[in-house]
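Below: one structure, written as structure tokens.
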Amino acid sequence: MIRTATPDDVPVIHALIRELAEYERALEEARATQEQLHAALFGPDAVAHALIAEEPAKPVADGAGGGSSEGAGSDSGAGTVVGFALWFRNFSTWTGTPGLYLEDLYVRPQARGGGHGKALLAALAAVCVERGYERFEWAVLDWNEKALGVYRSIGARPQDEWTVQRLSGPALAELAALAHAR
């Protein structure tokens, strides 16, 4: 099941982001706090949105006992959170329309192969179609063959003529200083 994230999901979204960062071999770079995520997703100047992938709660037989759900990543007993997608709106000057940029998509290893990733992608495609967004874009690490296979299976194609550029850290500060020096 795919649903829109709520403020109560922030702790599990934070945990999933950390799991994704570890998977991508960059845990030390994942510095966002739960407070920052809450503000970005649900604050007065929210800049992002998230979807949650859940596996339905398994019925518990009468008298079987509930056991501990610690670490299960469940949301108020509705089901077990197994993945998420975090996205934001961008804009194309060429088409004159907004688009959707998928920042993160992650499905926990034990739930992979269950269709959760494709379901999240389909839900995001539906957002695009419903809102008139003409582009749905994301980046993927070139070594992530499993993800690349999923993306090819849904019709996504690499944009080989474009490369991602990033300015951060000291280089960002140095360039910003040039604006103040003028």
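Would you check if there is a residue in the stretch 121-136 being open to solvent by less than 50 Å² (accessible area, probe 1.4 Å) and at pLDDT below 95?
No, the conditions are met nowhere in the stretch 121-136.
Among the helices (runs of 4 or more DSSP H) lying completely within the stretch 83-182, list those that include at least 1 residues that are under 29 Å from Asp45 (Cβ atoms) and in contact with a Pro (Cβ under 8 Å, 6 or more places away or on another chain). Step through it out loud before you land on a result.
Details: elements: 116-131, 145-153, 169-181.
Passing ranges, in order: 116-131.
Of all residues in the stretch 16-46, which are open to solvent by 40 Å² or more (accessible area, probe 1.4 Å) and in contact (Cβ under 8 Å) with a residue 40 or more places away in the chain? Outline the logic, then answer.
We begin by selecting, within the stretch 16-46, every residue open to solvent by 40 Å² or more (accessible area, probe 1.4 Å); these are 18-19, 22-25, 27-29, 31-36, 38-39, 42, 44-46.
Once the filter is applied, which keeps residues that are open to solvent by 40 Å² or more (accessible area, probe 1.4 Å) and in contact (Cβ under 8 Å) with a residue 40 or more places away in the chain, the stretch 16-46 yields Glu19, Tyr23, Glu24.
Inspect the stretch 157-171 for any residue being surrounded by 10 or more Cβ atoms within 10 Å (Cβ to Cβ), charged (D, E, K, R) and at pLDDT below 95 and give the result as yes or no. It would help to see each step written out before you state the result.
Here is the first cut: in the stretch 157-171, the residues surrounded by 10 or more Cβ atoms within 10 Å (Cβ to Cβ) are 158-159, 167, 171.
Subsequent filtering for residues that are charged (D, E, K, R) retains none.
Checked against the condition, which is being surrounded by 10 or more Cβ atoms within 10 Å (Cβ to Cβ), charged (D, E, K, R) and at pLDDT below 95, the stretch 157-171 yields no hits at all.
Restricting the search to the stretch 124-146, which residues are over 23 Å from Gln165 (Cα atoms) and aliphatic (A, V, I, L, M)? Break it down into steps so the answer makes sense when it comes.
Filtering the stretch 124-146 for residues over 23 Å from Gln165 (Cα atoms) gives 124-133, 146.
Once the filter is applied, which keeps residues that are over 23 Å from Gln165 (Cα atoms) and aliphatic (A, V, I, L, M), the stretch 124-146 yields Leu124, Ala125, Ala126, Val127, Val129.
Go through the stretch 20-37 and count every residue that is outside any loop (DSSP other than H, G, I, E, B) and within 13 Å of Leu86 (Cβ to Cβ). Steps first, please.
Within the stretch 20-37, the first condition is being outside any loop (DSSP other than H, G, I, E, B), and the residues that meet it are 20-23, 27-29, 34-37.
From what's left, within 13 Å of Leu86 (Cβ to Cβ): 20-21, 36-37.
Of the residues in the stretch 20-37, 4 are outside any loop (DSSP other than H, G, I, E, B) and within 13 Å of Leu86 (Cβ to Cβ).
Please indicate, with yes or no, whether at least one residue in the stretch 41-55 is at pLDDT 95 or above, in a helix (DSSP H, G or I) and within 29 Å of Leu141 (Cβ to Cβ).
Scanning the stretch 41-55 turns up at least one residue that is at pLDDT 95 or above, in a helix (DSSP H, G or I) and within 29 Å of Leu141 (Cβ to Cβ).
Give me the pairs, please: first residue somewhere in the stretch 117-134 and basic (Lys, Arg), second residue anywhere and part of a helix (DSSP H, G or I) and modelled with pLDDT under 95, beta-carbon distance under 7 Å, and either six or more positions apart or on two chains.
If the second residue must be part of a helix (DSSP H, G or I) and modelled with pLDDT under 95, the pairs left are Lys118/Val150.
Going through the stretch 82-104 one residue at a time, which ones are within 14 Å of the chain's Cα centre (by Cα) and open to solvent by less than 40 Å² (accessible area, probe 1.4 Å)? Steps first, answer last, please.
Residues of the stretch 82-104 that are within 14 Å of the chain's Cα centre (by Cα), as a first pass: 82-89, 100-104.
Val82, Gly83, Phe84, Ala85, Leu86, Trp87, Leu100, Leu102, Asp104 - these are the residues of the stretch 82-104 that are within 14 Å of the chain's Cα centre (by Cα) and open to solvent by less than 40 Å² (accessible area, probe 1.4 Å).
The values are calculated or read from the model by the stated rules, or taken from the named source; none is laboratory data. This is a predicted model, so every value here is computed, not measured. Ideal geometry is used to build each Cβ from the backbone, glycine not excepted, and the neighbour counts take in all protein chains shown. For accessibility, only protein heavy atoms count, side chains too; no ligands or nucleic acids. Shrake-Rupley method; radii C 1.70, N 1.55, O 1.52, S 1.80 Å.
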